[in-house]
Amino acid sequence: MQSSRLKNIIILILLLTNLSLAAVVVSRQADHQEGLEQIRQQLVTLFAAENVELDEDLISSQTPPLSRTLTRDTQQEEDLAAFLLGKNLRWSDQGGGIHLYGSDRGGVQFLDNGSFDAAGSLSEGASAPEVCRAFCKEFGYGDLTFSSDGTSATAVQYCDGYPVVNCTVSFTLDSGGLLTVTGTHLPDAYTESAPEEAPLSAAAALDAFLTNHRKSQTAVSKITDVYLCFELQSSASAAMTLVPAWCIVTDISGLNYYVNCITGAVTHS
């Protein structure tokens, strides 16, 4: 009987402890949410003071992904070449990281930084626009856009749902089919690296943008979107590195700003 009572007391103490911990977690989450709400309101006010409209709902609470160093994958390159040229491929290593694939339909050249150039009869009698769509679906490109006359198209590489803003592919078409495919393709293999400091939040990125805007005095009057993306970078030590960034879309057509989540540097397209 005594043992049973003691057991019940211990269970009650553990239950009360868990409830207390849960209350602390909930309280902290509420405080965090309240703090984020205040930051959002302050940013909206600061932007308004610069005559730039900013919708509070655009200020995301997402955490940026980690930077990635990519590893070249020759099998993926061969798969891409086979998609455009067929399976009976000839391969050669030209040195300096240059690989060539060829067939009776044309050729593809790959560099170690992910860029490639393909030319020839690349659609083999199929509908060129459909081949472009199939290519994008197969190799992870999105936002496919055709020119008004249908002779060219462009698309953007995506990585785990994030657009890689400076990693694109371009297609040249005519009535005879798909003639060229040029751009950059990223391999799937990578290693992640955590920064020494926490990556910039959307709020911090918008603050960096506003500082840049005050200096440049561009004619931006409204922020229309804010979203996470990757930027492709190359260096002597790493040919392909993806760095997270916040894309800040403005009301000026074609003018987007990119705030590096690691360095805070602001660039624009």
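Brief remarks on what is shown
- Looking at Leu111, Leu100, Leu85, Leu122, just one residue is at pLDDT 95 or above and either of a type in the set (D, E, K, R) or touching a helix residue (DSSP H, G or I) at 6+ places or on another chain (Cβ under 8 Å) (or both), and that residue is Leu122.
- The requirement of being of a type in the set (S, T, N, Q) and crowded, with 18+ Cβ neighbours inside 10 Å is satisfied by Ser103.
- Checking each residue in segment 111-132 for being assigned to a strand (DSSP E or B) and surrounded by 15 or more Cβ atoms within 10 Å (Cβ to Cβ) picks out Ser115, Phe116, Ala118, Ala119, Gly120.
- Selection from segment 133-191 of residues that are more than 23 Å from Glu78 (Cα to Cα) and in a loop (DSSP other than H, G, I, E, B): Ser147, Ser148, Asp149, Gly150, Thr151, Gly161, Ser175, Gly176
- Residues in segment 75-90 that are surrounded by 15 or more Cβ atoms within 10 Å (Cβ to Cβ) and of a type in the set (Asp, Glu): Glu77, Glu78.
- Cβ pairs under 7 Å, 6+ apart, first in segment 207-218 and of a type in the set (Gly, Ala, Ser), second assigned to a helix (DSSP H, G or I) and at pLDDT below 95: none
- Only residues that are part of a strand (DSSP E or B), closer than 21 Å to Gly183 by Cβ and open to solvent by 30 Å² or more (accessible area, probe 1.4 Å) were counted across segment 242-269, and they come to 2.
- Restricting the first member to segment 40-56 and to residues that are closer than 17 Å to Val226 by Cα and in a helix (DSSP H, G or I), and the second to residues that are open to solvent by 90 Å² or more (accessible area, probe 1.4 Å) and not polar (S, T, N, Q), the beta-carbon pairs closer than 9 Å and six or more apart or on different chains are Arg40/Asp57; Val44/Glu53; Phe47/Glu53.
- Candidate set: segment 198-217, residues that are at negative phi and part of a loop (DSSP other than H, G, I, E, B); chosen: the one most open to solvent (accessible area, probe 1.4 Å): Ala198
- Of the set (1) loosely packed, with under 10 Cβ neighbours inside 10 Å; (2) modelled with pLDDT of 70 or more; (3) aliphatic (A, V, I, L, M), all apply to Leu43 but (1).
The values are calculated or read from the model by the stated rules, or taken from the named source; none is laboratory data. Note that the structure is predicted; figures quoted are calculated from it, not measured. Every residue, glycine as well, gets a Cβ built from its backbone with ideal geometry; the counts of neighbours run over all protein chains shown. Just the protein is used for accessible areas: all its heavy atoms, side chains included, with ligands, DNA and RNA removed. Shrake-Rupley method; radii C 1.70, N 1.55, O 1.52, S 1.80 Å.
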